[in-house]
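The values are calculated or read from the model by the stated rules, or taken from the named source; none is laboratory data. Model, not experiment: these values are computed from the prediction. Positions of Cβ are backbone-derived with ideal geometry, glycine not excepted, and every protein chain shown enters the neighbour counts.
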Amino acid sequence: MTEGEGEGAPNSGDAPPVKPKRPQLVFTLAVEVGRKAGDGLPDKATGAGLLIYATGVDEAEAVRETVALLKAADLSPLDVTGYGTLEERLAAGDEIDAEERGLMERALAENSVVVAQMTPFYD
């Protein structure tokens, strides 16, 4: 074998097989948050509901990333409900307008969590 031949060829089973990279998807999540000091919610609010578009290779990853981000932002996530990807929501009969699609595209492009709406709760 001459110099350079075989470079990049798989070795004799020493390296683990390379898993194909799974694509990022955007999931629609509804998150209920409670009160926590410094959370930025209105004074008399008892919590809030957030509509979020979050990326992940699956819904579980999107939820984990969202909860971690909300905790880092001094919010107190109590409950997360997943509504699926754009395709799953369309298949379920949801109507999704251009603004909502734009926010989903932004989440995907930025590989991020986008809070689309926050509704404070009051007793």
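Taking segment 43-79 as the range and being in contact with a strand residue (DSSP E or B) (Cβ under 8 Å, 6 or more places away or on another chain), outside any strand (DSSP E or B) and small (Gly, Ala, Ser) as the test, the residues that pass are Ala45, Ala62.
Within segment 65-123, being closer than 24 Å to Lys44 by Cβ and under 13 Å from the mean Cα position of the chain (by Cα) holds for Leu70, Val115, Ala116. Of the set (1) touching a residue at least 12 places away in the same chain (Cβ under 8 Å); (2) assigned to a loop (DSSP other than H, G, I, E, B), all apply to Pro20 but (1). For Thr66, the requirement of being hydroxyl-bearing (Ser, Thr, Tyr) and surrounded by fewer than 17 Cβ atoms within 10 Å (Cβ to Cβ) is not met.
Looking at Ala62, Ala48, just one residue is within 18 Å of the chain's Cα centre (by Cα), closer than 20 Å to Pro77 by Cα and at pLDDT 95 or above, and that residue is Ala62. When Arg64 is tested against (1) free of Cβ contacts under 8 Å to residues at least 24 places away in the same chain; (2) farther than 15 Å from Leu29 by Cα, just one condition goes unmet, and that condition is (2).
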